[in-house]
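We did not get these values from a lab; they are worked out from the coordinates using the rules stated. Given the structure is predicted, the values throughout are model-derived calculations rather than measurements. Cβ atoms come from the backbone with ideal geometry, glycine included; neighbour counts cover every protein chain shown.
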Amino acid sequence: MEAVTLYQFELCPYCHKVKAALEAKGIAFTKVEVNPMNKKELPVLPPGAPRKVPVIQVGSETVFDSTAIVAYLEAHDTTGLRLTPTDPTLLAKSQLVEKWVNDDLSHVLPTVIYGTWGEAIKAAKVVAKTSNFGMVQNAMVRAGGSLIMHQVAKRIVSKRGGGEPAAMLAAEMDKFEAWLGEADFIGGTALCVGDVAAHGCLTCIAEFPAFTVIMARPRVAAWYQRVAAIRTRNRHRA
Ligand SMILES: N[C@@H](CCC(=O)N[C@@H](CS)C(=O)NCC(=O)O)C(=O)O
């Protein structure tokens, strides 16, 4: 596969989903951190594409939206690990879990990592630390970033009925645990798109206390480690 560039925000669950797929498949890639305030690092996007991350560039092709990107990688990468189950039941489950990651888990996570001012400031620091912006931009991302993130989190909570963030996350993780059941992976005995989507999304909050709470669930923690081992093994091969 031609060189892949991933345009991302460090704390974007959808970007982590794409990173998880790239690593699991063993595809080498270069990351470009996008400034959330002006997104000036983004390449020219296809007509109609929102100015959002993740975006990947592969040779002359630009692909946006995490679900489309993962599907693109599955279609174009012929040597890496396959993430699409052939069994129709497992395929349906993989698609269900990916949709849940897109529509529910990715929405609930910001409420636990940006829900309070302290958390929002910590999150903005993580972004500033991992980015390669200049000093002034860095300070702006820290100050502006935490303000925006806090507002985003508040809006999500009210959209979702004003529940308590930790309880909303616990309810989502109950669903995931039930889908996983006693299996090694959402894909049964093999990794699937649903696994990498959920793994990427959770990795996004690995530096936050909510992650420790999630990892107190033994079956989820064991699954998380299994997927992490595959990502690490294949990433080193990339
Ligand atoms: N459906 C898109 C969602 C992407 C998305 O919402 N990205 C957020 C970051 S987590 C973004 O770029 N937001 C910038 C903005 O809305 O201005 C996907 O799956 O990639």
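Answer rounded, prolate or oblate for segment 1-122, using the Cα gyration tensor with square roots of eigenvalues a ≥ b ≥ c: rounded when a/c is under 1.5, else prolate when a/b is larger than b/c, else oblate. Judged from the Cα gyration tensor, segment 1-122 comes out oblate (a/c at least 1.5, b/c at or above a/b). Under the convention that each Lys and Arg Cβ holds +1 and each Asp and Glu Cβ holds -1, the size of the dipole of the chain around its Cα centre is about 580 debye. Ranking Thr30, Ala170, Gln95 by how far each Cα lies toward the positive end of the dipole of the chain (charges on Cβ) leaves Thr30 at the top.
Which pairs in the list Lys40/Lys99; Lys31/Lys122; Lys122/Lys154; Lys17/Lys52 are over 20 Å apart, alpha-carbon to alpha-carbon?
On the way: Lys40/Lys99 29 Å; Lys31/Lys122 22 Å; Lys122/Lys154 16 Å; Lys17/Lys52 14 Å.
In this structure, Lys40/Lys99; Lys31/Lys122 lie more than 20 Å apart at Cα.
The charge dipole of segment 4-76, taken about its Cα centre with unit charges on the Cβ atoms of Lys, Arg (+1), Asp and Glu (-1) only, comes to about 160 debye.
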